[in-house]
Amino acid sequence: MSTRVWTRREIAVLLALSAAVGLGCKKDKEAPGAGSASHAKHLSLTLDWVPEPEFGGFYAARESGAFGTHGLDVDIKPRGQGETWKLVAQHVTDFATTSADQVLIAREQGADVVAIFAVYQTSPQGIMVHKARGFSKIDDVFTNPGTLEAEDAPWLKYLLRKFPGSVVKLVSNSPGIASFLAKPELSKQCFITSEPLQALAADSDPQTFLIADAGYNPYTTVVIARGEMVRDEPETIKQMILALREGWRAYVDDPAATNAVMGKLNREMDAHTFAESARVQRALIETDATKKSALGEMTTERWQTLAQQLVDLAVIKKAPPARELFVSPLATP
Amino acid sequence: MSSTAPLRRFVASFGPPVVVLVAGMLLVELYVRWANTPIYLVPRPSKVLLTLNLEREYLVAALWTTTKAALVGFGASAFSGVAIAIVLASSVWVRRALSPYTVFFQTVPIIAIAPMLSIWLAPGLKAVSACAFIVSVFPVIANTLAGLVATDPALVDLFRLYGAGRAATMFKLRFPSSLPNVFTGLRVAAGLTVIGTVVAEFLVGELGEEQGLGVVIVSASHNGHSDRVFAAVLLASALGLAMFGTVNLVGRRVLANWHASARD
């Protein structure tokens, strides 16, 4: 058996290629700043569902160049599998969206994740029923026979505690609205910005009750980051918050162009539903509070209330200090 | 025979896998402690065992719900699978026409079909059992059919010479000789039934008192209780093992005196 020896030329070419690959992979350690698009910091944002108006501001920030203006190159990845806070904690993604109650659950499990931006000031979580049932309040869902499709989430525990002696049959939440369309006696969990609009488009008679109106109102579509990133890279966090604020401002003011972009990524939602959803969610995103402060802003009081609710529901054992849970954009210079 | 022979056989059969299980759990426990792995990624086996003990009422109730659905699904796939295989084996043309469609049971994504089943049958036990049936029936059909068509041609000729009709040939020759294949199919189906049941419960299971292990897994995962997730997974695995073991035992009893596969 002959053994071929590498020639000096081949070795030189191999070394040159290796050096080129190595230089290409070198991380840019420069801090982000305005106008430094060529040195943009590469980051990833994992969404916890498919592209819908719920995430419109993120896509708007990308499409309008807001991320680039703030020195960021953000890769948006829709529909993270499982609890997205685990992906953040394990460095699989830099940022992710989740709900505020998941942040508290995550921190109790030892995951150092921190909220930096809250899209929904009023949670769009709701229960959808058929109008023909004649319900007038959310209590009726639990005090009348029927079936409720819902996941076993903290909001359900809250409602079951609020309405003891509930007679409704609880079943797992199936994807889509087919079951709701097929069964007049079925109630179903929903985001009021999504499933009811799809049901209306299918000529059904949905009526929705907001769970926030019943007293459980966590921030929703909350952008989270690792605590170490918040501490070690405050400038990156600040620029991200500013970019998100600009993106959401742009989307709330005029969602059409961004909806067209998202529509290509999510073929299951038509243009009309995209537009309607963006319209319905405006009041949940821009509230009196954010008009005084800024889009995405969070308060200590809201986090403390949520933490105590989760303790009362035995979802978490202890309420952590609110200052550990979020970063306030207004605190950034 | 020595009176301790059954005990020795039991230890010889179950001892090695139990030793492997305990050793594996000890290794994982040591690694998780040494690496300080976050609990939400991998809970310590000791914590999982503790959860199994502290929450046994809750978990055993869920196990019972899953077991009921799995048994209904398995029973349906065993009966229907064998029946379908007999029909397919009865005629070459029937087999050629219909066999390809049995593959549907193997390839249909249960996640897509479960919500439709919950509409047609109602969520809970009915829809979950139907999913378990769909997932587990194909191996029974395929293996039983393989056994039925592989009957010794010389014996088939002998039956014909003695004037046996199709039904007699099927039920007195072909079916008995295919029993080893039937039990092979049932062994595979036993494990698949549990998988199909748990996955169906993710999507169309009942919550509350009648919730099964699938609902426990989803709920615990959503609320960050990885120890409960693993405890439920362990119980689901135990159920699968129990069903497999039962089929194995029944197979050995049925085939004991006349087939080599039952003797070892």
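Observations, loosely collected:
- Total residues in region A:107-145, condition within 14 Å of another protein chain (Cβ to nearest Cβ), small (G, A, S) and touching a residue at least 40 places away in the same chain (Cβ under 8 Å): 0
- Residue in region A:188-206 that is buried (at least 24 other Cβ atoms within 10 Å of the Cβ) and within 14 Å of chain B (Cβ to nearest Cβ) present: yes
- Any pair with Cβ under 7 angstrom, 6 or more apart, that starts in region A:298-317 at a residue that is within 14 Å of chain B (Cβ to nearest Cβ) and more than 23 Å from A:V119 (Cα to Cα) and ends at one that is surrounded by 17 or more Cβ atoms within 10 Å (Cβ to Cβ) and of a type in the set (A, V, I, L, M): A:V311/A:A319; A:V315/A:I105; A:I316/A:L104; A:I316/A:I105; A:I316/A:L310
- Conditions (1) in contact (Cβ under 8 Å) with a residue 60 or more places away in the chain; (2) surrounded by fewer than 15 Cβ atoms within 10 Å (Cβ to Cβ): number failed by B:E55: (2)
- Checklist (1) within 12 Å of another protein chain (Cβ to nearest Cβ); (2) more than 21 Å from the chain's Cα centre (by Cα); (3) assigned to a loop (DSSP other than H, G, I, E, B) applied to A:L181, failing item: (3)
- Unmet requirement for A:G65, which otherwise passes all of (1) free of Cβ contacts under 8 Å to residues at least 12 places away in the same chain; (2) within 14 Å of chain B (Cβ to nearest Cβ): (2)
- Positions within region A:121-150 being over 30 Å from A:A289 (Cα atoms) and surrounded by fewer than 21 Cβ atoms within 10 Å (Cβ to Cβ), in sequence order: A:K131, A:A132, A:R133, A:G134, A:F135, A:D140, A:F142, A:T143, A:N144, A:P145, A:G146, A:T147
- For region B:188-201, filtered to residues that are under 20 Å from A:V171 (Cβ atoms) and surrounded by 24 or more Cβ atoms within 10 Å (Cβ to Cβ), the residue that is nearest to the other protein chains (Cβ to nearest Cβ) is B:E201.
- Close pairs from region B:218-246: first within 14 Å of chain A (Cβ to nearest Cβ) and crowded, with 17+ Cβ neighbours inside 10 Å, partner hydroxyl-bearing (S, T, Y) and not in a helix (DSSP H, G or I), Cβ under 7 Å, at least 6 apart: B:G224/B:Y40; B:S226/B:Y40
- Of all residues in region A:89-104, those satisfying the criterion of being within 14 Å of chain B (Cβ to nearest Cβ) and at pLDDT below 95 are A:A89, A:Q90, A:H91, A:V92.
- Single unsatisfied condition, A:D73 versus (1) surrounded by fewer than 24 Cβ atoms within 10 Å (Cβ to Cβ); (2) in contact with a strand residue (DSSP E or B) (Cβ under 7 Å, 6 or more places away or on another chain); (3) in contact (Cβ under 8 Å) with a residue 40 or more places away in the chain; (4) in the same structural domain as A:A294 (by TED's automatic domain parsing): (3)
- Candidate set from region A:287-298 (those that are surrounded by 14 or more Cβ atoms within 10 Å (Cβ to Cβ) and farther than 15 Å from A:L104 by Cα); member that is nearest to the chain's Cα centre (by Cα): A:G296
The values are calculated or read from the model by the stated rules, or taken from the named source; none is laboratory data. Model, not experiment: these values are computed from the prediction. Here Cβ is always computed from backbone atoms with ideal geometry, including for glycine, and neighbour counts include all displayed protein chains.
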